[in-house]
1. Rounded to the nearest 20 Debye, what is the dipole magnitude of the chain about its Cα centre when Lys and Arg each give +1 and Asp and Glu each give -1 at the C-beta?
2. Residues with amide H under 5 Å of G151's amide H, sequence separation 5 or more or different chain, H placed in the peptide plane at 1.01 Å from N; which?
3. As a check on your grasp of the helix formula, calculate [θ] at 222 nm for the chain: sum -39500 (n - 2.57) over DSSP H runs of n ≥ 4, divide by the residue count, round to the nearest 500.
4. Binning at 5 Å from 0, report for the range 6-249 what percent of all alpha-carbon pair distances ends up in each bin.
5. Run the reach check for K184 against lysines, Cα to Cα strictly under 19 Å, same-chain hits fewer than 8 apart removed. What comes back?
6. What does the charge add up to near T201, with Lys and Arg as +1, Asp and Glu as -1, over the other residues with Cβ less than 13 Å from its Cβ?
7. Give the angle, between 0 and 90 degrees and rounded to the nearest 10, that separates the Cα long axis of helix 6-24 from the longest principal axis of the Cα atoms of the chain.
8. Please give the residues of the range 173-211, grouped as numeric ranges, whose backbone N is less than 13 Å from a label point set 7 Å along the Cα-to-Cβ vector of M1.
Amino acid sequence: MIITDPAFYLIATPVVLLTGISKTGIPGLFGGMAVPLLSLVISPLQAAAVMLPILCVIDLFGLRALRGVYDRRNMPILLTGLAIGIVIGALIFGLVRQDMLRLGIGGIAIAFALNNLFGWARNRPPAQASWPRGVFWSSVSGLTSFLAHAGAAPVMAYLLPLRLDKRVYVGTTVWFFFASNYSKIIPYAFLGQLDTTNFVTALVLLPLIPVGVWLGVLLQGRLNERMFYLISYWALLAIGVKLVYDGMTHL
């Protein structure tokens, strides 16, 4: 009926708190690491299943804090790609090796972050909204999010070069992942991921969500624009390193 291993809750408690911070503070700062960390004590598939109800509830708090705040030019682009990625993810679920998925997306995240921190992209003018680039990156995000809740790096790869106002950037990612997570509920249920044990375990962790979300909003309000993006790029780099490490470890 419920996961009873104390080691699981020792890891799951900070995971849920930091995921709440990530959702409303600095998107991507921790969200892509939740499933890998929980996978230390349960299987990756069960970790993804436990996290889905938690992410869905966190999204509601994020939307309340950022009502109507998102980039209206890019949202249709992002949602189009998201739908494509979710459909592909549902069709190939169980066929793709998660270690290869982590290696691929981790490599993309590392290359992108390093390029923006140390390469030619530092002095490049802000990018413009683009249907081809936006649909590509958001479809990759939808696919990796469906398979492992690891969709932060691809959507960050598209949004960060736009250099949006930080509140608009956060709001755009919150709305994007709200759509992403809720679109996964029916496919996950159909695939048997939302069984009683996983769902009840998620319910036990729900009281931690408001604390994490509140800390995220507080953190966002205290960061200036330059520091916000600097931390975001370093967070993206950390996510990429973690994903590559996990992928190589399980090869």
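1. With only Lys, Arg, Asp and Glu charged at Cβ, the dipole is about 820 debye.
2. S145
3. The per-residue figure over the chain is -24000 deg cm²/dmol.
4. Distribution as computed: 1, 7, 15, 20, 22, 18, 11, 5, 1, 0, 0 percent.
5. Hits, sequence-local ones excluded: K23.
6. Neighbourhood net charge equals -2.
7. The angle comes out at about 30 degrees.
8. In the range 173-211, the label zone of M1 (backbone N under 13 Å from the point 7 Å along Cα→Cβ) covers 196-197, 200-201.
Taken together, the values in this text are just the output of simple stated rules run on the coordinates, not laboratory data. Because the structure is predicted, anything quoted here is derived from the model rather than measured. Neighbour counts run over all protein chains shown; Cβ positions are idealised from the backbone, glycine included.
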